[in-house]
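Worksheet: the structure to be examined is printed underneath.
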Amino acid sequence: MKINELRNLSKEELMLKEKAYKEELFKLNLQRYGGRVEKPHSFSLVKKNIAWIKTILNEKKNTDTHR
């Protein structure tokens, strides 16, 4: 998902996406410790998406407090 697409989502949708990505990261970590990760590059992609979502949520929080 691209950052511009994420910026158009509401806070609730962003929080749901963040939760989904965290669950995906958890499953990937289970696979890692089980020794069978099919797509190792997925870790960095999921972590990057979580960081983008947190950044956008923080930006939205800051703009709401300045109004």
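The values are calculated or read from the model by the stated rules, or taken from the named source; none is laboratory data. Treat the numbers as computed from the prediction; the structure is a model and nothing was measured. Backbone-built Cβ (ideal geometry, glycine too); neighbour counts: all protein chains shown.
Some points to look at:
- Every residue from the range 19-67 that is in a loop (DSSP other than H, G, I, E, B) and in contact with a helix residue (DSSP H, G or I) (Cβ under 6 Å, 6 or more places away or on another chain): V37
- Of all residues making up the range 15-46, the number that are closer than 23 Å to N58 by Cα and among the basic types (K, R): 3
- Inter-residue pairs, beta-carbon under 7 Å, first closer than 14 Å to A20 by Cα and modelled with pLDDT of 85 or more and in the range 50-67, second of a type in the set (K, R) and surrounded by 11 or more Cβ atoms within 10 Å (Cβ to Cβ), 6+ apart: I50/K22; I53/K17
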